[in-house]
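Everything on this sheet refers to the single structure shown next.
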Amino acid sequence: MMRSNLKIVIAAMLVALIATAAMAAPKAQKKPAAPKPVKSKGGQRGVILNQTDFCIFLPPKYGGGIAENEDRAVAFCTKSGLPGANAQDLPAGFIQSAHFVSNTAKGYVQVTGRMDGSKYGLSKKDGGGQYDIRAPVGAKCAGYNYFVQLTEPDENIYCIRCCKTKSDCPVNKSTYGCKKVLGGDYS
Ligand SMILES: *[C@@H]1O[C@H](CO)[C@@H](O)[C@H](O)[C@H]1NC(C)=O
Ligand SMILES: *[C@@H]1O[C@H](CO)[C@@H](O)[C@H](O)[C@H]1NC(C)=O
């Protein structure tokens, strides 16, 4: 009698444990506006491989402001499972055009183009902002030491460059916008 009671208790504990784990899982993925920066668990590692396979950083939650999420942005890629990336998938239709540049002499790669911010709830009134290796803390572009990204929902353009050398990824012009900071093609 005692022994079967014990079994029941153990079984009940197991069920409770599994239920707790199941409940905790989706919560962990949502990552509500936490005061601390999201570490790699939140997916803060992007990569730029080419015109079709690359990642950009966006607020962790749909509809978030670009500048408001400087400390929390996470990586989103055009495809899942890109080598080197730890990221989520970009919403379908978000990337409208992408122009890839590889400067082998300087050792940087960049992608510039048009986006449809509405696919992630970005506001047309959002003047945008800059993400780089200092903000969000922990963000990285795989294979490179530096990166800089500007996202301009009001213009629906984005640009990201990953660099070996710091000076190729200027972070001191965040208000100038993509076209002045990185140049490139926005057609
Ligand atoms: C992009 O890179 C991936 C992985 O290296 C490759 O499979 C794909 O063919 C490339 N696409 C283009 C357009 O170069
Ligand atoms: C940004 O830094 C670079 C390199 O130090 C410098 O040449 C440039 O004038 C700076 N630009 C601004 C707007 O501060």
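The values are calculated or read from the model by the stated rules, or taken from the named source; none is laboratory data. Everything quoted here is computed from the prediction, not taken from an experiment. Backbone-built Cβ (ideal geometry, glycine too); neighbour counts: all protein chains shown. The area values use the complete protein model at the heavy-atom level, side chains included, leaving out ligands, DNA and RNA. Shrake-Rupley method; radii C 1.70, N 1.55, O 1.52, S 1.80 Å.
Things worth noting here:
- Test for THR104: is it within 16 Å of ligand 1 (Cβ to nearest atom) and free of Cβ contacts under 8 Å to residues at least 40 places away in the same chain: yes
- On the stretch given as region 117-143, residues that are open to solvent by 30 Å² or more (accessible area, probe 1.4 Å), assigned to a loop (DSSP other than H, G, I, E, B) and of a type outside the set (Val, Ile, Thr) total 7.
- Scope region 147-182; condition assigned to a loop (DSSP other than H, G, I, E, B) and aromatic (Phe, Trp, Tyr); matching residues: TYR176
- Taking the numbered list (1) at positive phi; (2) more than 16 Å from ligand 1 (Cβ to nearest atom) in turn, VAL171 passes all entries but (1).
- Long-range neighbours under 8 Å by Cβ, at least six apart or interchain, first residue at positive phi within region 56-72, second surrounded by 19 or more Cβ atoms within 10 Å (Cβ to Cβ): GLY63/TYR120; GLY63/LEU122
- Within region 170-183, the only residue that satisfies the criterion of being more than 10 Å from ligand 2 (Cβ to nearest atom), more than 17 Å from ASP126 (Cα to Cα) and crowded, with 18+ Cβ neighbours inside 10 Å is LEU182.
- Flag for THR112 being at pLDDT below 95 and either part of a strand (DSSP E or B) or polar (S, T, N, Q) (or both): no
- Among residues of region 84-109, those that are in a loop (DSSP other than H, G, I, E, B), of a type in the set (S, T, N, Q) and open to solvent by 40 Å² or more (accessible area, probe 1.4 Å), counted: 2
- Every condition in (1) open to solvent by 60 Å² or more (accessible area, probe 1.4 Å); (2) not in a loop (DSSP other than H, G, I, E, B) is met by ALA75 except one, and the failing one is (1).
- Subset tally (residues that are under 14 Å from the mean Cα position of the chain (by Cα) and within 22 Å of ASP168 (Cα to Cα)) for region 82-110: 2
- Hits in region 40-68 - residues which are within 24 Å of GLU155 (Cα to Cα) and surrounded by fewer than 21 Cβ atoms within 10 Å (Cβ to Cβ): ASN50, GLN51, THR52, ASP53, LYS61, TYR62, GLY63, GLY64, GLY65, ALA67, GLU68
- Once region 144-169 is narrowed to residues that are surrounded by 18 or more Cβ atoms within 10 Å (Cβ to Cβ) and within 12 Å of ligand 2 (Cβ to nearest atom), the residue that is nearest to ALA67 (Cα to Cα) is VAL148.
- Residue within region 118-128 that is farther than 20 Å from ASP71 by Cβ, within 16 Å of ligand 1 (Cβ to nearest atom) and at pLDDT 95 or above present: no
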